[in-house]
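Enquirer: Take a look at this one; I'll ask things after.
Nothing in this text is a laboratory measurement; each read-out follows from the coordinates by a stated rule. These numbers were taken from a predicted model, which means no experiment stands behind them. Backbone-built Cβ (ideal geometry, glycine too); neighbour counts: all protein chains shown.
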Amino acid sequence: MADNLNRMLQLVNEFFDTKNDPDQLDVDQEMIEHLQEMHPATLSEVTEGDGPIVWILVIPTLHYIMQRFISGKISEKQLLDETPMGMPYDAVYLCSASVLPEHRHKGLAKKTTIKAINDICNDYPVKSLFYWPFSDEGRRLAKSVAIETGLPLFERV
């Protein structure tokens, strides 16, 4: 059996197919550094045994950029490109949650996402969350996180 890191990479590549979709973020080392500069909580993981079992990616941004994204006027890549550094971010994009199959339905993604959002809210005046649904599980997670944090949730159409 492959280690958790290789399994997570395979899971992400199969589910999101970012290599073949130019509008989605394809997270590489340069992007990781950029995201970490925006806020350390943008990338979160839960590790067990031989590597990660949960990966969460959230991106702080501005309301007007969120509006452009959820209405389909800009892509996910453009959302990140257009988000200026060091601003008082007021929206958080719930970009992705990946969980190895044997660790699903244990609340790990929800707990990790809420912690990341709370960490960002400690530094910025976040007023809303938004997401781009790829699955029913992702939709349920986003709605559950919004209820738990008390923040309104917007969905990309």
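Enquirer: Using the count of nearby Cβ atoms within 10 Å as a rough guide to exposure, how do L25, L79 rank from fewest to most?
Expert: Fewest to most other Cβ atoms nearby, the residues stand as L25, L79.
Enquirer: Moving on. Quick check on the chain: helices-only [θ] at 222 nm, where DSSP H runs of length 4 and up contribute -39,500 (n - 2.57) each and the sum goes over total residues. Nearest 500, please.
Expert: One gets -13000 deg cm²/dmol as the mean residue ellipticity at 222 nm.
Enquirer: For Cα pairs less than 8 Å apart in space and 6+ apart in sequence, what is the mean separation divided by the residue count of the chain, i.e. the relative contact order in percent?
Expert: Dividing the mean separation by the residue count of the chain yields 23 percent.
Enquirer: Now for a different question. Would you calculate the separation in nanometres between label points at Q29 and E82, each defined as 7 Å from the Cα along the Cα-to-beta-carbon direction?
Expert: Label-label distance for Q29 and E82, simple model: 3.1 nm.
Enquirer: Run through the DSSP bridge list for the chain and note the antiparallel percent, rounded to the nearest 5.
Expert: Of the beta bridges lying entirely in the chain, close to 65 percent run antiparallel.
Enquirer: A further question follows. Starting from segment 69-157, pick out the GluC sites (Glu not before Pro) whose DSSP state is loop and whose Cβ has at most 11 other Cβ atoms within 10 Å.
Expert: Details: sites: E76, E82, E102, E137, E148, E155; in loops: none.
Here no loop site has a sparse enough neighbourhood.
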